[in-house]
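In what follows, a structure is listed as structure tokens, so that the remarks can point back to it.
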Amino acid sequence: METVLPLPVPVLVPVQGSSAGFPVRRIYCVGRNYADHAREMGGDPKREPPFFFGKPWDAAVPGGGVIAYPPATADLHHEVELVVALGQGGRDIPVEAALERVFGYAVGLDLTRRDLQARAKEKGQPWEMAKGFDQSAPLSALMPVAQIGHPASGAIWLSVNGAERQRGDLGQMTWSVAEIIAHLSGFVALAPGDLIFTGTPAGVGAIQKGDRVRCGIEGVGELKILVG
Ligand code: MN
């Protein structure tokens, strides 16, 4: 069928060692997946089942670069996260079979309008406008599993204008990548192209216009943004 409007242009994430891009389908995020960050957000780091929220697929900004300071906030926060990129999907995926679905991994930023999130929590309202705004999901090039395997440990860090703000280790994740995929696939049918942001370690904080944010994960890569 002809379309009454032009079809949306897909977001393609560069893949290390390939000239072909990874087309983004959906973006899911896990909340509070590191005990020290759960505590800093006033939560209880007990191992409660993971909870999920989403961002629009076109919030992804492959390669980072200049990210416009978003409207309607005075408290934009950085959260560095391991991003899982699915090469295959499914429903009710068992933990033991979950990692087979992963195409690769990236370093991502779950940018958050913390003031809107606080207000939403207070009023029992949805987090959408706090989490799912334009350009809220910058991410690095994907490292295919074929090259790096499945990183279960390794430093995850973030600095702002050269000063370190976040540092943790992937080994501190409350729920592993396999467990996250298994849980999430019990709620929705996952599909090739889905991205999952897996939570952030402690040290989240505000960024301002002009700030240079650099973040990385050992063995996965690095990402830089400039808040414009
Ligand atoms: Mn997050």
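The values are calculated or read from the model by the stated rules, or taken from the named source; none is laboratory data. Since we're looking at a predicted model, the values are computed, not measured. In this analysis, Cβ positions are derived from the backbone assuming ideal geometry, glycine residues included, and neighbour counts consider all displayed protein chains.
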Scanning region 188-209 residue by residue, the ones that are within 13 Å of the ligand (Cβ to nearest atom) and among the β-branched types (Val, Ile, Thr) total 4
On the basis of being outside any strand (DSSP E or B), more than 15 Å from the ligand (Cβ to nearest atom) and surrounded by 17 or more Cβ atoms within 10 Å (Cβ to Cβ), does ALA152 make the cut? no
Name every residue in region 7-34 that is assigned to a strand (DSSP E or B), more than 11 Å from the ligand (Cβ to nearest atom) and more than 16 Å from LEU86 (Cα to Cα), in order of residue number. none
Of all residues making up region 188-203, the number that are more than 19 Å from VAL61 (Cβ to Cβ) and surrounded by fewer than 22 Cβ atoms within 10 Å (Cβ to Cβ): 6
Taking the condition under 23 Å from PHE187 (Cα atoms), away from the ligand (no atom under 16 Å from the Cβ) and among the basic types (Lys, Arg), does ARG91 pass? yes
Positions within region 157-187 being more than 12 Å from GLY203 (Cα to Cα), surrounded by fewer than 19 Cβ atoms within 10 Å (Cβ to Cβ) and not hydrophobic (A, V, I, L, M, F, W, C), in sequence order: ASN161, GLY162, ASP169, GLY171, GLN172, SER176, GLU179, HIS183, GLY186
Restricted to region 201-227 and to residues being aliphatic (A, V, I, L, M) and outside any strand (DSSP E or B), the residue nearest to GLN16 (Cα to Cα) is VAL220
Does ASP194 count as at pLDDT 95 or above, among the acidic types (Asp, Glu) and over 15 Å from the mean Cα position of the chain (by Cα)? no
Looking at region 84-96, I want the residues that are at pLDDT 95 or above and have a partner that is part of a helix (DSSP H, G or I) and small (Gly, Ala, Ser) with Cβ atoms under 7 Å, at least 6 apart or on another chain. Which pairs are those? ILE93/ALA182; PRO94/ALA182; VAL95/ALA178; VAL95/ALA182
Any residue in region 180-194 that is part of a strand (DSSP E or B) and in contact (Cβ under 8 Å) with a residue 40 or more places away in the chain? yes
Pick from region 41-60 the residues that are within 22 Å of GLY171 (Cα to Cα) and within 12 Å of the ligand (Cβ to nearest atom): which of them is surrounded by the most Cβ atoms within 10 Å (Cβ to Cβ)? PRO50
